[in-house]
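Participant: Can you keep this structure in mind? I'll have questions shortly.
None of the figures in this text is laboratory data; all of them are computed from the coordinates on show. Please read all numbers here as calculations on a predicted model, not as lab measurements. All Cβ positions, glycine included, derive from the backbone under ideal geometry; neighbour counts span all protein chains shown.
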Amino acid sequence: MAADEKNTPEHDAREIPIEGAEEKECGGAECASAAPEAPEEAVQAEDAAAEDEVSEEAEDIAVEAEAVVADAERVAAAEAEAAAMKDRYLRLQAEWDNYRKRTAEEAADMKIRAAEKLMEDVLPVLDDFERAIAHAEQNGEEGLLDGVKAISSKITQVFAKHGLQVIDPAGEAFDALEHQAVATVPDESIPDETVAQVYQKGYRLGKKVLRPAMVTISSGGPKREAEEE
């Protein structure tokens, strides 16, 4: 009866508690759940840091990409502006060439028209010369001088009509802008540097002197007053 009691389940179920045995025998999922969670949090922190770093790099790349796009747009705008300016320059150059050619043609036409008008006015004078020569050949030289004088007066009027003025400064003060002194003549009766004689008349067209008059001037006389100068 005592042996049977030893082999009963109740006897097997009873165990002698050993201090610290539960901690040693702990294992499997329960031990895993009881372990500290510090390593997993560190991994999560590392992942978060990596994500932040990737995000910052992505933002930097985006900023650089925007800068590259902006530079490309500025370059494209500058190229377009340069092309427009080049086209404008070529157009202006063509317009200037056309204007220069047109102005040259107009100036040539004006010169021809002016010459035509002058020749039309001079033709009657040439006719008078031919008549005077024919008259002298038929009737001798009688009256030839009067005819030449009349023709000279007539042609002077024609030239004056076109703006030509005669420079005949006899007795006037010498003017280096319109007169050319070829000699000096001592004369105390008239003011110094007075035109004594005109060897060749000069001509002026408007304000421009075409040819100065060739003259002799006096010397030795009194100085000309400033008011007369």
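Participant: Compute the normalised compactness of the range 88-192: alpha-carbon radius of gyration over 2.2 N^0.38 Å, N being the residue count.
Facilitator: 1.86
Participant: Taking K and R as +1 and D and E as -1, what net charge do the other residues with C-beta under 14 Å from the C-beta of Glu66 add up to? Intermediate results must be reported in sequence, preceding the final value.
Facilitator: Values: positive: Arg74; negative: Glu59, Asp60, Glu64, Asp71, Glu73.
Surrounding charge for Glu66 is -4.
Participant: Between the range 68-138 and the range 148-206, what is the C-alpha centre distance in whole Å?
Facilitator: Taking the Cα centre of each part, the range 68-138 and the range 148-206 sit 37 Å apart.
Participant: Roughly what would the spin-label model give for Val158 and Glu178, points 7 Å off Cα along C-beta, in nm?
Facilitator: Using points 7 Å along Cα→Cβ, the separation is 2.5 nm.
Participant: Just in the range 130-178: which GluC sites (Glu not before Pro) are loop by DSSP and have at most 10 other Cβ atoms within 10 Å?
Facilitator: On the way: sites: Glu130, Glu137, Glu141, Glu142, Glu172, Glu178; in loops: Glu141, Glu142, Glu172, Glu178.
Those satisfying the criteria are Glu141, Glu142.
Participant: Would you kindly give the portion of the calculated P(r) for the range 130-174 that falls above 14 Å, as a percent of all Cα pairs? Spell out each step's value before the answer.
Facilitator: Details: 619 of 990 pairs.
When every Cα pair of the range 130-174 is considered, 63 percent fall beyond 14 Å.
Participant: Which value in Å does the Kirkwood hydrodynamic radius of the range 165-229 take, with 1/r averaged over all unlike C-alpha pairs and then inverted?
Facilitator: Numbers: mean 1/r = 0.0843 Å⁻¹.
Answer for the range 165-229: a Kirkwood hydrodynamic radius of 11.9 Å.
Participant: Another question, then. List the trypsin sites (Lys or Arg not before Pro) within the range 167-229 that DSSP assigns to loop and that have no more than 10 neighbouring Cβ atoms inside 10 Å. Spell out each step's value before the answer.
Facilitator: On the way: sites: Lys201, Arg204, Lys207, Lys208, Lys223, Arg224; in loops: Lys201, Lys207, Lys223, Arg224.
Loop-located and lightly packed - Lys207, Lys223.
Participant: For the range 165-229, what is the relative contact order in percent, using Cα pairs closer than 8 Å and at least 6 residues apart in sequence? Could the numbers behind the result be given before it?
Facilitator: Values: 149 pairs, mean separation 26.9, N = 65.
For the range 165-229, the relative contact order is 41 percent.
Participant: Would you order His162, His135 from fewest to most other beta-carbon atoms within 10 Å of each residue's own beta-carbon?
Facilitator: Details: His162 12, His135 15.
So the residues, fewest neighbours to most, are His162, His135.
Participant: Past 31 Å, Cα to Cα, is the threshold; run Lys101/Lys208; Lys117/Lys149; Lys111/Lys154; Lys154/Lys223 against it and keep the listed order. Walk me through the numbers on the way to the answer.
Facilitator: Working: Lys101/Lys208 27 Å; Lys117/Lys149 24 Å; Lys111/Lys154 24 Å; Lys154/Lys223 39 Å.
Pairs exceeding the cut-off: Lys154/Lys223.
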